[in-house]
1. Quick check: residue separation of Thr194 and Lys251 times 0.36 nm, minus the Cα distance between them. What number comes out in nm?
2. Nearest 500 deg cm²/dmol is fine: what mean residue ellipticity at 222 nm does the chain get from its DSSP H runs of n ≥ 4 alone, each adding -39,500 (n - 2.57), divided by its residue count?
3. Cut-off 18 Å, label point 7 angstrom out along Cα-to-Cβ of Val34: give me the residues of the range 118-153 whose amide nitrogen falls inside.
4. Compare Thr35, Thr170 by solvent-accessible area with a 1.4 Å probe and give them largest first, with all protein chains kept in place.
5. Looking at the square roots a ≥ b ≥ c of the eigenvalues of the Cα gyration tensor of the range 267-312, which shape do they give, rounded for a/c under 1.5, prolate if a/b is larger than b/c, or oblate?
6. Mind running the shape call on the range 46-173? Use the C-alpha gyration tensor, a ≥ b ≥ c as the square roots of the eigenvalues: rounded below 1.5 for a/c, prolate if a/b tops b/c, oblate otherwise.
7. Taking the 0 to 90 degree range and rounding to the nearest ten, how far is the long axis of helix 147-162 tilted relative to the main principal axis of the chain, both from C-alpha atoms?
8. Could you please state, rounded to a whole Å, how far the C-alpha centre of the range 67-84 is from the C-alpha centre of the range 216-240?
Amino acid sequence: MSATINPLANPKGVKKLCELCQKPAKLQCTKCLVTFYCNSDHQHADWASIHEKVCPLLVSIHTPAPFGTLESDREHHHKETLKKQKHLVEMAHLESQRWVSKKRFQDVLPAALLFLRWAMRLYGSCAVELVPAYLLLAQANIGLGSLSQAHEYLSKAEWTVMKTPGCSHTVLHQLHRTLGRLHAAMGKYTSALTHFANDVYYASEMFGLGSTVTSGGYFLMADVFLKQNKPDIAHSLYTEVANSWHTHLCKLMDGISQSGTHPEKCFDEAQCVEADQMLGCILEFEEQCVKPRPDQSAMLAHSLAMLWLLCNNYTKALEYGKKAEVLIQGLSEQNRLRESIHNLLQHSQNISLFHTKELSVH
């Protein structure tokens with residue numbers, strides 16, 4: 001997997017630097033031959049985070065056009081290489097997001113650094129396309145408690161946004177959300193709420209006030225209000241988040257019911273994990289309230305059941321569906337939520353049986 005670098009084999013004036021820390025490298029990946037490390041710890045960290053997935057792609061990107069080819073062939077090779085570079089950036093972006101959603105912040109760093117370096121190669125050192133990489137690196141460092149390093153990455157993101165006239169509302173909402181996270185981690189709750197309010201504003205302008213993207217800002221605001229010992233405000237914000245997600249998931253399920261088809265995966269892994277953590281946290285808060293609301297808890301369990309059904313995890317869908325069924329028992333027979341929960345349980349059981357039969361056939 002790795003080999004020791006022979007410095008005499010390098011072209012004159014060329015220094016090999018570690019993929020993670022940019023210190024002089026001593027080891028080389030024997031698969032792609034283009035990635036270097038200062039020690040085995042950094043190599044193992046990079047491999048686990050991102051390198052295993054992109055190693056073959058790096059070989060392809062670094063393969064030059066055959067000598068003596070026609071200009072048209074060289075142009076075609078250049079275009080194909082550019083496509084591969086963009087694919088590499090996209091892969092690193094998605095992997096970084098996946099690690100963030102799992103709160104595996106140490107694993108975020110290699111993937112996000114790769115994302116940043118290749119985005120710089122593609123778009124330049126001052127391009128707005130670098131902002132998502134800066135934000136992911138900042139989130140990872142916040143999670144690791146390295147707040148000064150997070151502040152440094154966020155300063156670069158802010159500077160890039162200021163230098164970009166007409167920056168999209170999506171980038172602005174993501175920037176303010178990450179700034180809010182940093183200020184909350186620093187205990188600066190007033191400024192954190194200001195950033196989260198800006199996050200909600202820009203997200204609502206882009207996605208709508210009732211969207212699940214916008215509700216993420218409300219969820220983070222609620223967490224700050226809890227830290228300020230203001231549970232009533234947090235409760236109202238949690239209710240807003242719960243209603244947004246329930247409405248969104250019900251619409252997706254209605255589309256499946258009308259088409260009569262099995263659900264396609266509507267969320268990637270990172271989105272599913274993030275939504276599960278958010279809704280699970282609100283459900284736990286709801287159940288621990290002095291005056292618990294069974295209808296609200298049932299709605300949240302129903303949301304989690306729909307989420308996992310749409311993510312094709314039928315075991316978890318049935319688990320939360322049955323929990324919702326228990327919670328709804330004390331409510332009136334005419335409750336619409338009761339019917340939705342019953343339909344979801346039937347749907348989940350039918351799909352689970354269908355997949356069990358398929359497996360037994362094979």
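1. Values: separation 57, 0.36 × 57 = 20.52 nm, distance 3.17 nm.
Result for the pair: 17.3 nm of gain on full extension.
2. -24000 deg cm²/dmol
3. Label zone hits: 118-124.
4. Working: Thr35 5, Thr170 35 Å².
Final ranking, largest accessible area leading: Thr170, Thr35.
5. On the way: a/c = 5.03, a/b = 2.02, b/c = 2.49.
Oblate.
6. Details: a/c = 2.94, a/b = 1.56, b/c = 1.89.
Oblate shape, in that a/c is at least 1.5 and b/c is the bigger or equal ratio.
7. 80 degrees
8. Centre-to-centre (Cα) distance: 54 Å.
The values are calculated or read from the model by the stated rules, or taken from the named source; none is laboratory data. These figures come from a predicted structure and were not determined experimentally. Positions of Cβ are generated from backbone atoms using ideal geometry, with glycine treated the same way; all protein chains shown enter the neighbour counts. Remember, those area values only see protein heavy atoms, side chains included, never the ligands or the DNA or RNA. Shrake-Rupley method; radii C 1.70, N 1.55, O 1.52, S 1.80 Å.
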